[in-house]
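Since every read-out is calculated from the coordinates, none of them should be taken as a lab result. A quick note: this is a predicted structure, and the numbers were derived from the prediction, not measured. Virtual Cβ from ideal backbone geometry, glycine too; neighbours counted across all protein chains shown.
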Amino acid sequence: MSTLRGRTGPAGLPQWDRCAVMGVVNVTPDSFSDGGQWFDTELAVKHGLELMRAGADLVDVGGESTRPGAPRVDEVEELRRVIPVVRELAAAGAVVSVDTTRAAVAERAVEAGAALVNDVSGGRADPAMVPLVAAARVPFVVMHWRGQSLDMNNRAVYTDVVAEVLAELRTSLDAAVAGGIEPDRIIVDPGLGFAKNAEHDLALVAHLARLRALGHPLLVAASRKRFLGRVLADGENALPPARERDAATAAVSAIAAREGAWAVRVHEVRASADAVRVARAVEGAV
Ligand code: PMM
């Protein structure tokens, strides 16, 4: 097990000796970042396998878009989208994470071979989620979240974003542990772009060390997000489209790896896989 820079992964998953790269497989017609490109089981599986070949250590399969303003998908449809993709990727040997806020979807995904539950609500959206994950004994991502996508932008109000995100994450972590999830299986995530504006996201990236100090493996998911568009838009220019934010994403991957993040969650894997390897080499050189 690597303890490089104190970085230890969650119990129940392989241990990588550097920041891991989680590739995103969105089985949705309306994701902000990849616009429905993989909205078909066969294409989604193919894409997941391509991400693995490009250097992803694990793949995150989701069937519900969480972009700001997105309407909810019903459970039957979410299951229909996600489960066959999880099953096929797990059967092909991938370490699969399921991106869902619903316990029923998480349960079926774990049965189909998912090794990790990534809940953007950190267990807040579905009261059955924490007991389910506790019983399944799989690693669990607790992300900072202030409510469903439909109205989350109204909640991007902070006096001190880092302190408030830390406090709210501690509440979710306490609830997860009180509900029976073993602490060494819990991963934390600041939830970049979720009820946050660009300044909030940048402040959180600037203070990843304080998130690390929560004592759990840290997941950073900056990929193609709006705050990167804001950074890249100069002066009067419009924000570049999501697909033109991959180099900026890789820059955050390098920063996150250097700050001791356990993993980065990205759409375009190759550049981030290179970035985390460079960060690892630099760590080895000091
Ligand atoms: N962001 C999205 C979806 N899932 N999961 C975690 N743990 N953290 C995130 O920040 C996160 C996530 C939204 O992005 P997408 O539509 O590009 O997948």
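Here are a few things to note about the model shown:
- GNM flexibility winner over the chain from Asp246, Asp126, Asp201 (Cα, springs under 10 Å): Asp126
- The chain: calculated mean residue ellipticity at 222 nm from DSSP helix runs of at least 4, using -39500 (n - 2.57): -12500 deg cm²/dmol
- Selected from Ala176, Ala104, Ala273 as most flexible by GNM, with the chain as the system and alpha-carbon contacts under 10 Å: Ala104
- Under 5 Å, built H, 5+ apart or other chain: amide partners of Ile187: Phe140, Val141, Val142
- Mean sequence separation of contacting Cα pairs (under 8 Å, at least six apart), scaled by the length of the chain, corresponds to a relative contact order of 20 percent.
- FRET efficiency for Glu199 and Arg243, using Cβ-Cβ distance with R0 set to 30 Å, rounded to 0.05: 0.80
- Among Val231, Val141, Val188: highest mean-square fluctuation, GNM of the chain, C-alpha pairs under 10 Å: Val231
- Its alpha carbons considered, the chain gives a radius of gyration followed by a Dmax of 17.2, 52 Å.
- At 1.306 mPa s and 10 °C, Stokes diffusion of segment 207-247 via Kirkwood alpha-carbon radius, µm² per second: 133 µm²/s
- Fully extended contour minus Cα-Cα distance, from Ala281 to Val177, at 0.36 nm per residue: 33.9 nm
- Separation of alpha-carbon centers, segment 238-286 and segment 55-99, rounded to whole Å: 22 Å
- Using θ = phi - 60° and Karplus 6.51 cos²θ - 1.76 cosθ + 1.60, couplings along segment 74-85 (whole Hz; Gly, Pro as x): 6, 4, 4, 5, 4, 4, 4, 6, 8, 4, x, 5
- Remark: the chain carries a charge dipole of roughly 560 debye about the Cα centre, counting +1 on each Lys and Arg Cβ and -1 on each Asp and Glu Cβ.
- Inter-site label distance for Ala206 and Arg155 at 7 Å from Cα along Cβ, in nm: 2.5 nm
- Centre-to-centre, using Cα atoms only, segment 113-127 and segment 176-235 are separated by 16 Å.
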